[in-house]
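Data first, discussion second: the structure below is written as structure tokens.
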Amino acid sequence: MGKLGVVVVAAGRGTRMRTAESKQYLMIEGKTILAHTLETFQHLPEVDEIVVVSGQGDEERCWDDVRRHDITKVSRVVSGGKERQHSVYNGLLALSEGVEDVLVHDAVRPFAEPEHILACWRKACEAGAAVLAVPVKDTIKVVGEDGTIQSTPNRRSLWAIQTPQAFRLSALIRAHREAEAAEFVGTDDAMLVERIGMQVSVVEGSYDNIKITTPEDLPLAEWLLHKRRGVRST
Ligand SMILES: Nc1ccn([C@@H]2O[C@H](COP(=O)(O)OP(=O)(O)OP(=O)(O)O)[C@@H](O)[C@H]2O)c(=O)n1
Ligand SMILES: C[C@](O)(CO)[C@H](O)COP(=O)(O)O
């Protein structure tokens, strides 16, 4: 059976967080956000290997976190690129021979639940590609440059897409190569796979799987961590 690899992308600067420190290295309860994320995958027996993609020059810093928290599944730390897509691609190329399935995950989503991660991977094994997502709760409008509403998509078909996103490694590498050749840059990996005509299934996850993005997400992240601890200790 092929191996399951995980690419954790941690090469962003976190400009929307407006901190001096890149947001993946901010501490929550004594551990960096990156370490919380890596521990989730370290503890999943189904995961064989983790590649971390760090900002250029931050490789040693990543290794410090990996060693301090005994994340033994990390095989390599490679440096990222200009956009998230370029960082993912570098990570994919660094996976070991024998890896057939891959989960791509944002370092700044430390609250993905093991059961949801595995459900996403199992769906991808069945269907080829799958992403975690939640139905949107608000009414979403398409707004024009002039600030007026252009249209209102039917909410029943709108989902907020998260990570992890799960793929056959060969298909995802092909999708990345074709996107690069066409100078297409997408905000997630599913977009690249969709544009080469593959179907991507959606697996319902949890609203707790937030992407820590702006300052108001930090107290929420602390609260989510307390909540998770409480659930696990009962
Ligand atoms: N060139 C990039 C850009 C983003 N990421 C990673 O992609 C994930 C999701 O991106 P986002 O939340 O947008 O992070 P940043 O790009 O760091 O944030 P911002 O857009 O606010 O600068 C993060 O784990 C981030 O580190 C990356 O590896 N390489
Ligand atoms: C991949 C992602 O987390 C799915 O929601 C998201 O698209 C990343 O986008 P960002 O612009 O890098 O925050």
Bins of 10 Å from zero: percent of alpha-carbon pairs in the chain: 8, 31, 38, 19, 4, 0
Counting each pair of different Cα atoms once, what's the Kirkwood radius of segment 85-205 in Å, rounded to one decimal? 15.5
Calculate the FRET efficiency for Leu218 and Glu83 from the Cβ-Cβ distance with a Förster distance of 25 Å, rounded to the nearest 0.05. 0.55
Pairs of Lys in the chain closer than 22 Å at Cα, counting only those 8 or more apart or on different chains: 14
Over 5 Å intervals from 0, what percent of Cα-Cα pairs in segment 44-104 sits in each interval? 4, 18, 28, 25, 18, 7, 0
Taking the chain and counting helices only, DSSP H stretches of n ≥ 4 at -39,500 (n - 2.57) each over all residues, the nearest-500 ellipticity at 222 nm comes to -10500 deg cm²/dmol
With the crude spin-label approximation of a point 7 Å out along Cα→Cβ, what separation in nm comes out for Asp70 versus Glu145? 5.8
At what distance in nm do the modelled label points of Ala20 and Glu204 sit from each other, each positioned 7 Å from its Cα along Cα→Cβ? 4.6
Let me know the longest stretch in the chain that avoids all GluC sites (Glu not before Pro) found in a DSSP loop with at most 16 other C-beta atoms within 10 Å. 98-144
Kirkwood hydrodynamic radius, computed over distinct alpha-carbon pairs, for segment 1-72: how many Å, to one decimal? 12.9
By the scheme Lys and Arg +1, Asp and Glu -1, what is the net charge of all other residues having a beta-carbon under 14 Å from that of Lys73? -3
Place a point 7 Å from Cα of His226 in the direction of its Cβ. Which residues in segment 25-41 have their backbone N less than 14 Å from it? 29
Can you pull a Stokes-Einstein diffusion coefficient for segment 175-234 at 37 °C (0.692 mPa s), Rh from Kirkwood over Cα pairs, as a whole number of µm²/s? 224
Roughly speaking, what is the stretch gain from Ile173 to Val136, that is 0.36 nm per residue apart minus the C-alpha to C-alpha distance, in nm to one decimal? 10.4 nm
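Values quoted throughout were computed directly from the atomic coordinates according to the rules given, and no laboratory measurement underlies them. Small disclaimer: the values here were computed from a predicted structure and weren't measured. Note that we place each Cβ from the backbone using ideal geometry, even for glycine, and neighbour counts take in every protein chain shown.
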